[in-house]
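Data block below; observations after.
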Amino acid sequence: MNVLSLSERLSAVAAHLPKSAHFVDVGSDHAYLPCYVCLQDPSSKAVAGEINEGPYRSAQKQVKLQGLTDQIDVRKGDGLAVVQPDEVKQVVVAGMGGPLIASILEQGKEKLGRVEQLIVQPNIDARALRKWFQKNGFILQKEQILEEAGHIYEVLVAVREGKSIYHEDADVREKELLFGPVLLKEKNEAFRAKWLDYKRKLERNVANMQHAQQVDEAKLASFKTELRWLEEELND
């Protein structure tokens, strides 16, 4: 059996799973995450889902190599099609864009009946997931932002039951959907680095739009609102 270690990004995802988890990892690639979790906790079970043949075979090989065929079932399929309704209690989707993860959850909604926890790690646009949670009865519980090898990642955890952590004021809530209500309070170095970079790009976009022959006024107004938020939060 090979010694298995995870990237900081996947370690952050794994840390949010409870003991004795029974989860699906969508887009599991080499099944590193399920293998790591099940090696740490022999009472855990997992489904490693992969749509592409190469990664699917790699996942099968890794699970066998780690001696985890009794704990991890590797299945080939698209998104949540790899699990049955009520089969798992946790869903993990990591390493994709926020809108794609939201689409996977939306398309597999009938599989989420008994799911207690969603752990997602979007590479871009976490706001799409915060909005999806709100619309679909999941409550954002925890957030984490970290930098690894020059890339910045966010991890979001949503649960079925609990108290909303968003501000009651609608305008403040819109800002929290963009930045993350937890991350906005912490404002660590990774948070500041992410949003300073985004601010520079947004300033260029606004400048370009203002010089265009035809201006999308609604989009321009939205960008200007985000710039105002960025200045407020980064200067705080």
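The values are calculated or read from the model by the stated rules, or taken from the named source; none is laboratory data. All figures in this text were calculated on a predicted structure; none of them were measured in a lab. Backbone-built Cβ (ideal geometry, glycine too); neighbour counts: all protein chains shown. The area values use the complete protein model at the heavy-atom level, side chains included, leaving out ligands, DNA and RNA. Shrake-Rupley method; radii C 1.70, N 1.55, O 1.52, S 1.80 Å.
With a 1.4 Å probe and every protein chain kept in, tell me what percent of the accessible surface of region 1-95 is carbon plus sulfur.
With neighbouring chains kept in place, the figure for region 1-95 is 47 percent.
For mean projected area of the Cα convex hull in nm², several values are listed as (i) 14.4; (ii) 13.7; (iii) 12.3; flag the one computed from this structure.
Given (i) 14.4; (ii) 13.7; (iii) 12.3, the structure-derived one carries the label (i).
Go through region 135-236 and name the GluC sites (Glu not before Pro) that are in a DSSP coil and have 14 or fewer other Cβ atoms within 10 Å of their Cβ.
Listed in order of number, the matching sites are 161, 168.
Can you compute 3J(HN,Hα) from phi for each residue in region 159-167, using the Karplus curve 6.51 cos²θ - 1.76 cosθ + 1.60 with θ = phi - 60°, rounded to whole Hz and x for Gly and Pro?
10, 6, 10, x, 9, 4, 9, 7, 5
Enumerate by residue number the trypsin sites (Lys or Arg not before Pro) in region 183-236 meeting two conditions: DSSP loop (anything except H, G, I, E, B), and at most 16 other Cβ atoms within 10 Å of the site's Cβ.
Sites meeting the loop and neighbour criteria: 187.
Based on the alpha-carbon gyration tensor of region 1-88 and its eigenvalue square roots a ≥ b ≥ c, which shape applies: rounded if a/c is under 1.5, prolate if not and a/b is larger than b/c, or oblate?
In terms of gyration-tensor shape, rounded.
Amide H neighbours of residue 95 under 5 Å, at least 5 residues apart or on other chains, H built in the peptide plane: list them.
121, 123
Heavy-atom accessible area per residue, region 1-159, 1.4 Å probe: how many Å²?
45 Å²
Under the rule a/c < 1.5 gives rounded, and otherwise a/b versus b/c splits prolate from oblate, where does region 102-188 land using the Cα gyration tensor?
oblate
Enumerate the calculated ³J(HN,Hα) couplings along region 190-206 in order (Karplus 6.51 cos²θ - 1.76 cosθ + 1.60, θ = phi - 60°), each rounded to whole Hz, writing x wherever the residue is Gly or Pro.
Each residue's phi maps through the Karplus curve to give 5, 4, 5, 5, 4, 7, 5, 5, 5, 4, 4, 5, 5, 4, 5, 4, 5 Hz.
With all protein chains present, how much of the accessible area of region 123-174 (probe radius 1.4 Å) comes from carbon and sulfur, to the nearest whole percent?
Ligands and nucleic acids excluded, carbon and sulfur reach 46 percent.
Please list, by residue number, every one of the trypsin sites (Lys or Arg not before Pro) in region 79-142 that is coil in DSSP and has at most 15 other beta-carbon atoms within 10 Å.
Here the trypsin sites (Lys or Arg not before Pro) that fit, given the DSSP loop and packing criteria, are 114.
At 222 nm, what helix-only mean residue ellipticity would the chain give, in deg cm²/dmol to the nearest 500, using -39500 (n - 2.57) for each DSSP H run of four or more?
-13500 deg cm²/dmol
Taking the alpha-carbon centroid of each part, what is the distance from region 196-214 to region 90-135 in angstrom?
29 Å
Given axes a ≥ b ≥ c from the Cα gyration tensor, I'd like to know whether region 161-236 is rounded (a/c under 1.5), prolate (a/b larger than b/c) or oblate.
oblate
Could you sort out which of 19/185; 142/219; 135/201; 111/131 sit more than 23 Å apart by Cα distance in this structure?
On the way: 19/185 28 Å; 142/219 30 Å; 135/201 29 Å; 111/131 19 Å.
Violating the 23 Å limit, Cα to Cα: 19/185; 142/219; 135/201.
How tilted is helix 98-107 with respect to the longest principal axis of the chain? Cα atoms for both, answer in degrees (0 to 90, nearest 10).
Approximately 50 degrees, to the nearest ten.
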